[in-house]
1. What dipole magnitude, in Debye to the nearest 20, does the chain give about its Cα centre under +1 on Lys/Arg Cβ and -1 on Asp/Glu Cβ?
2. Helix-only estimate, please: 222 nm mean residue ellipticity of the chain, summing -39500 (n - 2.57) across DSSP H runs of length 4 or more and dividing by its residues, to the nearest 500.
3. First select every other residue whose beta carbon is under 13 angstrom from the beta carbon of residue 24; then total the charges, Lys and Arg +1, Asp and Glu -1.
4. In the chain, if the dipole is taken from +1 on Lys/Arg beta carbons and -1 on Asp/Glu beta carbons about the Cα centre, which of 32, 49, 68 is farthest to the positive end?
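Just so it is clear, none of the values below were taken in a lab; they were calculated from the coordinates. For clarity, every value in this text was computed on a predicted model and none was experimentally measured. Heads up, the Cβs are rebuilt from the backbone with ideal geometry, glycines too, and the neighbour counts pull from every protein chain shown.
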Amino acid sequence: MKKLRVVILCASAMSSGFIVEELKKIAPQNDVEIQVECFASLRYRYYDYSKVDLVMLAPQVKGQQSDIRKYLNEKGFAALPIMLIPMRDYGLMRGQPILELALKTVAENA
């Protein structure tokens, strides 16, 4: 079983809660043990990135990607991948394609 630890950075950590629940629901069906939580992107400097394999960005905060990447690089997390959640999958709460993209992103950055 694959293990995946993820944080979703979003505007207010509310709508992403639905994505969290969807990922938790479908992960076992894909032989994945997942730990996923959401966190408000405006507070990204206060998150402990040492406990995740992937940072996902909700579509509404994609404009912060360069700032977040710069911060991660400065704090020694240059190898930590950032993945933008596709707007369509996010809006329709389609966990399967989000999980597949997450696994692909982590594998490509291993």
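1. On the way: 15 positive and 12 negative charges, 39 e Å.
The calculated dipole for the chain is roughly 180 debye.
2. Value at 222 nm, helices only: -10500 deg cm²/dmol.
3. Values: positive: 5, 25; negative: 21, 22, 33, 37.
So the environment of residue 24 carries a net charge of -2.
4. Among 32, 49, 68, the one farthest towards the positive end of the dipole of the chain is 68.
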